[in-house]
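J.: Structure below; questions to follow.
Any read-out appearing in this document is the output of simple, stated calculations on the displayed coordinates, not a laboratory observation. What you see is a predicted model; the values in this text were computed from it and never measured. A quick note on method: Cβ atoms are made from the backbone with ideal geometry, for glycine too, and the neighbour counts reach across all protein chains shown.
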Amino acid sequence: MRSVCGFFSYHLTDPNNIRNIAEWGGGGLMDIGCYPIHTSRFVFGEEPGRALALVEYDARMKVDRLASVILDFPGGQCVFTCGTQLVAYQRMQFFGTKGRVEIEIPFNAPPDRPCRLLVDDGGDLSGSTISVEEIAACDQYAIQGEMFSRAIREGGPVPVPLDDSLKNMAVMEAVFHSARTGKWEIPLP
């Protein structure tokens, strides 16, 4: 894999919603931008060396409502956009030299229908060679809760360790810093 491309958006303009209250950590990057960052770090299996971002803020609520980000990894690049005042949409795509995988609704897949993965061997630009893989419908939040609970009860490792969250936040901080400076910024540990 050499490139990751993501999009995550919804439309929410309620000023009383926690996602739109700046002093409570609101804004699109903290709410949904963390998902494409985490996904790209997971798939590349490494940390980005630098980040570049454009961020637009809502004038009234003072929270970020649109962000476009480039993450430069040793093994490739990730580009993604997240927005809180756009049509609802979620996709992640992973590109290699011989094919592409696209995940529909990757971050909060509906519990009442399968999650779909489109596997494209690159044989035809019109998509006639795309095959569809389905993962059975499930309650992803219940599974996460059960795994965390099991780790606590049995004393095992948690599914996503705190160190991973700290690394994700370092990238988030570099993204916010880049938006302020207009330059590439290096995530600091």
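J.: Quick check: the distance between the Cα centres of the range 35-56 and the range 158-189, to the nearest angstrom?
T.: 8
J.: Now for a separate question. When the helix-only estimate is applied to the chain (DSSP H runs of n ≥ 4, each -39,500 (n - 2.57), divided by the residue count), what is the mean residue ellipticity at 222 nm, nearest 500 deg cm²/dmol?
T.: Only helices count here, giving -8000 deg cm²/dmol.
J.: When a/c is below 1.5 the answer is rounded, else prolate if a/b is larger than b/c, else oblate, so apply that to the chain with a ≥ b ≥ c taken from the square roots of the Cα gyration tensor eigenvalues.
T.: Since a/c stays below 1.5, the shape of the chain is classed as rounded.
J.: Now, a different point. Using a 7 Å offset from the Cα along the Cα-to-Cβ direction at both Ser128 and Arg150, what is the distance between the two label points in nm, to one decimal?
T.: 4.5
J.: Calculate, in nm to one decimal, what Ile18 and Arg113 gain on full extension: separation in residues at 0.36 nm each, minus their alpha carbon distance.
T.: 31.3 nm
J.: Roughly what would the spin-label model give for Thr97 and Glu46, points 7 Å off Cα along C-beta, in nm?
T.: Using points 7 Å along Cα→Cβ, the separation is 1.5 nm.
J.: Shifting gears a bit: Using Cβ counts within 10 Å as a stand-in for footprinting exposure, how do Met172, Met147, Met1 rank, fewest first?
T.: Met147, Met1, Met172
J.: Sticking with this one: Mind checking which aspartates and glutamates have their Cα closer than 20 Å to the Cα of Lys62? Skip sequence neighbours fewer than 8 apart in that chain.
T.: Output for Lys62: Asp14, Glu23, Asp31, Glu173.
J.: While we're on this one: Hey, quick one: spin label on Arg2, modelled 7 Å out along Cα-Cβ, who in the range 37-58 has an amide N within reach, i.e. under 18 Å?
T.: 44-45
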